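*Asks:* Just passing along the structure, written as structure tokens.
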Amino acid sequence: MKFLVCISNVPDTTTKITFTPDNKEFNKAGVQFVINPWDEYALTRAIELKEAAGGTVTVLNVGEADTEPNIRKALAIGADDAIRVNAAPKDAFFVAEQIAAVAKEGAYDVILMGKESIDYNGFQVHGMVGEMLSIPTVAPAMKLDLSGNTATLEREIEGGKEIVTVNTPFVASCQQPMCEPRIPNMRGIMTARTKPLKVIEPVGEAPRTEVTEFMLPPKKQGVKLIPAETAGDLIKLLRNEAKVI
Amino acid sequence: MSVLVVVECADGEVKKSSLEVASYGAEVAAMLGTTATAIAVGEATEANLATLGEQGITKVLYDAEPRLKDFVNNAYTKLIATAAEQEQAKVIVLANSNIGAAVGSRLSVRLKASLATNVVELPKVNGDQFVVRRGAFSGKAFSDVVLSGDRKIIAVKKNSTEAKHEAGKSAEVTSFSAQLADADFADAPTQVVMQEQTGGVLLPEAELVVSGGRGMKGPENWSLIEDLAKALGAATACSKPVSDVDWRPHHEHVGQTGITVSPNLYIACGISGAIQHLAGVNSSKVIVVINKDPEAPFFKAADYGIVGDVFDVLPKLTAAVKELG
Ligand SMILES: Cc1cc2nc3c(=O)[nH]c(=O)nc-3n(C[C@H](O)[C@H](O)[C@H](O)COP(=O)(O)OP(=O)(O)OC[C@H]3O[C@@H](n4cnc5c(N)ncnc54)[C@H](O)[C@@H]3O)c2cc1C
């Protein structure tokens, strides 16, 4: 079984978001980048499935050279090899094109990624890749088991879940509680240094969307405190002042 | 040319988020000088679909194929694509739901459309160019995005736009068939399991949310949260550590790595307000924080606060709600 795990490089979850002076780009200065937390579920589950039934796990990132520390981290966690498409991830469609091209070329059986990236929050790439390759997508998946070429997944739907069975090849976007994401151990970190990381150039068409401006949410006015002794007054304020109940 | 709106139904009813989407689509249609047609998915009744006229929809297409009752990614994609071609839709509007995102992303490739998800406002239209505002960085920011090309797909974030109601207006419901074949249902679910929701309110769609954190001390105390939620008609939610230790189910976990909600009212009980938690809730219109620590960071993001013990404060709030009647 050939697993392809797509990872994106995102600002650490504690990052305070700021932008460049023209508000056109995210300000990377002093920001720590991590593997997108949702992608960690995809990566760990692929490694678990490989350990159980054999195969290889390839990690794929669309990004410039500064993403390599996190690609190495994924190798340290247990992926066998890596591919970096040497381009800034311009939009979801562009990224999906790169993933679809790599998946086709390498004839991967199971293509996994996180539910969405915590920076762009597109929640789009999985479906685009599936459609480009004319294979099923299951998104977002909370559980993934494989038996031969047949996968059984739990897909989250609003208010519940669906059990879906698909044959390889397929795409799934992953979220909790699929597995307990692993962290690299010392041996993994040592062996990751010599695992193959191939850099290839991007393919495809022009992006279809473009960000013209970023902005922060409006600041809160400040909190109005209600004494605990008269907590019930809050309910009156919510009805008469805030008018939300 | 028209605007096509994807309307999700369950148990015969149009979902609340789809009413918002229908209104949004009708407004976009008005901007473009055209009309909005809806395509219904899920289990619907003709009578309920006709009421989409109140949101400004002129016509509703409905395929009564029984296998469309549950979400099937391939079949839904084909159904909507066929409707989009028939209606020559330039703009397709859907909910930024698990269904909307799964279908919208496939459709964007099939129909060669530009796609924006997590959209929070009506677009600014300038000729062929659309600018939409969407949430980014998991609730920590917004971005304006230009959608180029002939066709656009917009997935609207729940509870961020309002569903209009023009009483008495009714839409024409027309049967529609996309000639779906067995192969289109290859990825149909073998089983669908619905969870019980507190007070029957679905968290992602809820207007009012009562949420508990580690300060609630244990799952046995959740009746305090549930009592207030039931009195208000609110959904319940929790912080990540709470679902990590299985005090509450995973689908209730809000935050950067859970779901993002934007209710009218979010009441946080015994939650410290870590940046990852705030990301998931800070687009709520009004935030109430109850925490015994006056230095808890959540107070900085709150509109109303009570410095106090949740075990003392929550019953008082529930009683006060019941008094309101
Ligand atoms: C990669 C990553 C992703 C994350 N994603 C998320 C996410 O999506 N969502 C999320 O919620 N967290 C997330 N976290 C975790 C986050 O950093 C915090 O640890 C978490 O939100 C804290 O949960 P809490 O507020 O319930 O618990 P705590 O931080 O332990 O806070 C408990 C609070 O309860 C108060 N309290 C205690 N007893 C009482 C009482 N009797 N009455 C009133 N108040 C009381 C305390 O004063 C305290 O403020 C993430 C962390 C990481 C590293």
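*Asks:* In Å, what Rg and Dmax follow from the Cα atoms of chain B?
*Replies:* Expressed in Å, the Cα Rg and Dmax of chain B come to 20.9, 62.
*Asks:* Would you pull out the residues with amide H under 5 Å of residue B:89's amide H, same chain only if 5 or more places away, H placed 1.01 Å from N?
*Replies:* B:2
*Asks:* Evaluate E = 1/(1 + (r/R0)^6) for residue A:206 and residue A:27, where r is the Cβ-Cβ distance and R0 equals 25 Å; express this FRET efficiency to the nearest 0.05. Show your work: numbers first, answer last.
*Replies:* Working: r = 26 Å, r/R0 = 1.03.
Computed FRET efficiency for residue A:206 and residue A:27 comes out at 0.45.
*Asks:* Additional query: Which far-off residues, 5 or more places away or on another chain, put their amide H under 5 Å from the one on residue B:39, with H placed in the peptide plane?
*Replies:* B:5, B:6, B:7, B:61
*Asks:* Based on Cα positions only, what radius of gyration and what Dmax would you give for the stretch A:2-217, in angstroms?
*Replies:* When restricted to the Cα atoms of the stretch A:2-217, Rg and Dmax are 16.7, 53 Å.
*Asks:* Taking a quarter of the surface of the convex hull around the Cα atoms of the stretch B:2-185, what do you get in nm²?
*Replies:* Numbers: hull surface 38.2 nm².
Averaged projected area of the stretch B:2-185's Cα convex hull equals 9.5 nm².
*Asks:* Still on this structure, please answer the following. Given the DSSP H assignment, sum -39500 (n - 2.57) over each helix run of at least 4 residues in chain B and divide by its residue total; what's the result at 222 nm in deg cm²/dmol, nearest 500?
*Replies:* Roughly -8000 deg cm²/dmol at 222 nm, from the helical runs in chain B.
*Asks:* How much solvent-accessible surface does residue A:178 expose, in Å² to the nearest 10, with a 1.4 Å probe and all protein chains in place?
*Replies:* Spelled out: residue A:178, probe radius 1.4 Å, area about 20 Å².
*Asks:* Calculate one ³J(HN,Hα) per residue across the stretch B:119-126 by plugging θ = phi - 60° into the Karplus curve 6.51 cos²θ - 1.76 cosθ + 1.60, and present them in order as whole Hz with x for glycine and proline.
*Replies:* Here the 3J(HN,Hα) series is 7, 10, 9, 5, x, 9, 9, 9 Hz.
*Asks:* Another question about this same structure. Show me the trypsin sites (Lys or Arg not before Pro) within the stretch B:106-150 that DSSP assigns to loop and that have at most 13 other Cβ atoms within 10 Å of their Cβ.
*Replies:* Details: sites: B:106, B:110, B:112, B:124, B:133, B:134, B:140; in loops: B:112, B:140.
Taking the stretch B:106-150 and a limit of 13 other Cβ atoms within 10 Å, the loop trypsin sites (Lys or Arg not before Pro) found are B:112.
*Asks:* Another question, then. Give me the percent of DSSP beta bridges within the protein assembly as shown that run antiparallel, rounded to the nearest 5.
*Replies:* Details: 42 of 118 bridges.
Beta bridges within the protein assembly as shown, antiparallel portion: roughly 35 percent.
*Asks:* Then there's this: Could you compute the FRET efficiency for residue A:18 and residue B:121, with r as their C-beta to C-beta distance and R0 at 25 Å, rounded to 0.05? Working shown, then result.
*Replies:* Values: r = 22 Å, r/R0 = 0.89.
For R0 = 25 Å, the calculated efficiency reads 0.65.
*Asks:* Applying the Karplus parametrisation 6.51 cos²θ - 1.76 cosθ + 1.60 with θ = phi - 60° to the phi angles of the stretch B:95-103, what ³J(HN,Hα) value in whole Hz is obtained for each residue in order, glycine and proline being reported as x?
*Replies:* 7, 7, 9, 4, 6, x, 5, 5, 7
*Asks:* Shifting gears a bit: Can you flag which of A:104/B:90; A:24/A:198; B:164/B:230; A:90/B:158; A:50/A:104 are past 23 Å Cα-Cα?
*Replies:* Table pairs above 23 Å Cα-Cα are A:104/B:90; A:24/A:198; B:164/B:230; A:90/B:158.
*Asks:* Continuing with the same structure: List the aspartates and glutamates whose Cα sits under 17 Å from the Cα of residue B:157, skipping any in the same chain fewer than 8 residues away.
*Replies:* Of all the aspartates and glutamates, those that pass the test against residue B:157 - Cα under 17 Å, at least 8 places apart if same chain - are A:116, A:119, A:158, B:8, B:20, B:27, B:121, B:144, B:205, B:207.
*Asks:* Can you give the FRET efficiency to the nearest 0.05 for residue A:190 and residue A:56, using r as the Cβ-Cβ distance and R₀ = 22 Å?
*Replies:* On the way: r = 20 Å, r/R0 = 0.90.
In this case the efficiency is close to 0.65.
*Asks:* If you find the alpha carbon centre of the stretch A:5-51 and of the stretch A:107-144, how far apart are they in angstrom?
*Replies:* For the stretch A:5-51 versus the stretch A:107-144, the Cα centre distance is 16 Å.
*Asks:* Now, a different point. Run lengths n ≥ 4 of DSSP H only: what is the helix-derived mean residue ellipticity at 222 nm for chain A, with -39500 (n - 2.57) per run over all residues, to the nearest 500? Write out the running numbers ahead of the final one.
*Replies:* Details: 6 runs with 66 residues, N = 245.
Calculated from helices alone, the mean residue ellipticity at 222 nm is -8000 deg cm²/dmol.
*Asks:* The stretch B:198-324: D in µm²/s via Stokes-Einstein (Kirkwood Rh, Cα pairs, 10 °C, 1.306 mPa s)?
*Replies:* On the way: Rh = 13.9 Å.
Rounded to a whole number, D works out at 114 µm²/s.
*Asks:* Something else about it: Taking the Cα centre as origin and putting +1 on Lys and Arg beta-carbons and -1 on Asp and Glu beta-carbons, what dipole magnitude results for the stretch A:2-217, to the nearest 20 debye? List each step's numbers first, then the result.
*Replies:* Details: 21 positive and 29 negative charges, 131 e Å.
Rounded to the nearest 20 debye, it is 620 debye.
*Asks:* Which value in Å does the Kirkwood hydrodynamic radius of the protein assembly as shown take, with 1/r averaged over all unlike C-alpha pairs and then inverted? Mind dumping the intermediate values first?
*Replies:* On the way: mean 1/r = 0.0412 Å⁻¹.
Averaging 1/r across every pair of different Cα atoms and inverting gives 24.3 Å.
The values are calculated or read from the model by the stated rules, or taken from the named source; none is laboratory data. Just so it is clear, the model here is predicted, and its values are computed rather than measured. Neighbour counts are summed over all protein chains in view; Cβ atoms, including those assigned to glycine, are modelled from backbone coordinates with ideal geometry. Accessible surface is based on the protein model in full, side chains and every heavy atom, while ligands, DNA and RNA are left aside. Shrake-Rupley method; radii C 1.70, N 1.55, O 1.52, S 1.80 Å.
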